[in-house]
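Okay, structure first, notes after.
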Amino acid sequence: MPHWIRAWQLLLLAGLTLLASGCGKPEAQNYAPHYAETRQDRTIYRFAVHPLYNPEMLASVFGPLTDYLSERIPDAKFKLEASRDYAAFEDKIRRRSVEFLLPNPYQTLLGQLNGYHVFAKMGADADFHGILIARRDSGIHSFSQLKGKTISYPAPTAIAATMLSQKFLQDHGIDVSTDVTNLYVGSQESSILATYHKQSDLASTWQPPWRNFIKAHPEEAAQLVVVWETPPLINNSLMARDDVPAGIVKQVRAVLLDMPNTTAGRAVLQKMGMYPFATADDRTYEPVRQFIRIFSREVRPLDTYERQPGQRGRQD
């Protein structure tokens with residue numbers, strides 16, 4: 001027999017031996033990849049938060065909240081949705097393009113006209129007030145010094161950081177339509193930075209963004225000082241679109257209100273720099289409607305979002 005045929009037979013025999021021994025092994029070793037449960041049947045709910053921060057900061061602050069909800073509500077997954085500015089966020093309300101909202105009190109009235117209903121709110125109403133910030137080297141300490149100055153705000157429809165501040169200035173003898181230049185810069189942080197960079201003489205914002213700015217930019221914050229604070233109003237609401245199943249809304253409310261009672265919930269609230277959530281409904285925001293009427297009459301014209309017959313709204 002030729003040598004090469006004999007070698008081939010030996011190789012074939014060795015291969016068959018290995019194959020046989022492999023077939024005899026138990027199936028305990030399973031090399032198939034392991035997949036975690038994906039829950040493809042979960043309904044995705046979009047959760048839009050008004051532009052408290054730029055989109056990146058908003059994701060870092062509110063992302064843990066939507067993750068927390070998704071982990072505790074088996075049939076739902078919540079996806080945070082940012083908006084580039086206040087106008088874009090308000091357009092989402094008008095188009096009803098998201099299921100859940102965290103709007104400011106003024107946008108809450110707009111939500112009510114478009115079929116959204118309040119089911120909870122951010123706590124600590126005392127925190128919901130405007131603050132006016134100047135550079136430490138500005139020398140600003142009296143209202144009379146503001147005439148001819150520039151004031152930066154996030155947006156015309158930011159209620160704590162714009163409307164409360166403008167009403168406060170109006171009440172102290174500054175006509176915000178003629179005595180000062182109003183600079184709307186798109187976000188809370190941009191308003192603060194405008195004063196830091198001397199693009200404005202005074203920055204208007206409110207407490208949570210100012211606290212976050214101090215933590216994120218301590219050197220810049222050290223060169224700024226809070227000159228005035230306004231009286232408070234009702235804090236931001238949480239709203240659900242009227243076609244979201246009532247059971248899901250109840251679960252979201254229950255999870256949010258229970259956050260202070262869990263270690264993970266307290267950690268999320270601490271990361272967000274927020275107080276616990278509180279109970280609320282549509283009626284909670286009637287004082288805001290009254291404030292908007294006064295603001296529109298005494299400061300500058302503003303849509304008061306009065307519900308008309310036939311418009312979307314609470315049916316019960």
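Rule-based calculations on the coordinates, nothing more; no lab input. The structure presented is a predicted model; accordingly, all values stated were derived computationally and were not measured. Note that each Cβ is placed from the backbone with ideal geometry, even for glycine, and that neighbours are counted across all protein chains shown.
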For a label point 7 Å along the Cα-to-beta-carbon line of HIS197, residues of segment 118-154 with backbone N under 14 Å: 152-153
Amide H contacts under 5 Å for GLU81, placed H, 5+ residues apart: PHE47, ALA48, VAL49
Rg over Rh, two decimals, segment 211-300 (C-alpha only, Kirkwood Rh): 1.07
Where labels lie 7 Å past Cα in the beta-carbon direction, separation of SER142 and GLU298 in nm: 2.4
Amide H within-cut-off set for LEU238, under 5 Å, with H built and near neighbours excluded: PHE119, ALA120, LYS121, MET122
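Among the listed pairs LYS77/LYS215; LYS92/LYS215; LYS250/LYS271; LYS92/LYS167, which have their C-alpha atoms separated by more than 29 angstrom in this model?
On the way: LYS77/LYS215 31 Å; LYS92/LYS215 31 Å; LYS250/LYS271 24 Å; LYS92/LYS167 27 Å.
Too far apart for the 29 Å limit: LYS77/LYS215; LYS92/LYS215.
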Estimated vicinal HN-Hα couplings, Hz - segment 253-259 in sequence order (Karplus 6.51, -1.76, 1.60; Gly, Pro = x): 4, 4, 5, 5, 5, 8, 4
For segment 87-99, Karplus couplings with θ = phi - 60° (6.51, -1.76, 1.60), whole Hz, Gly/Pro x: 4, 5, 5, 5, 5, 5, 5, 5, 7, 6, 8, 10, 7
Protection-proxy order for peptides 151-163, 277-289, each taking the mean of Cβ atoms within 10 Å per residue, highest first: 151-163, 277-289
Theoretical gain in end-to-end length, GLU286 to ARG266 [0.36 nm per residue, Cα-Cα removed]: 4.2 nm
5 angstrom amide H check on VAL227, placed H, neighbours 5+ away: LEU132, ILE133, ALA134
Rounded to whole Hz, the Karplus (6.51, -1.76, 1.60) HN-Hα couplings of segment 157-171, x for glycine and proline: 9, 6, 7, 6, 7, 10, 5, 4, 5, 5, 5, 4, 5, 4, 5
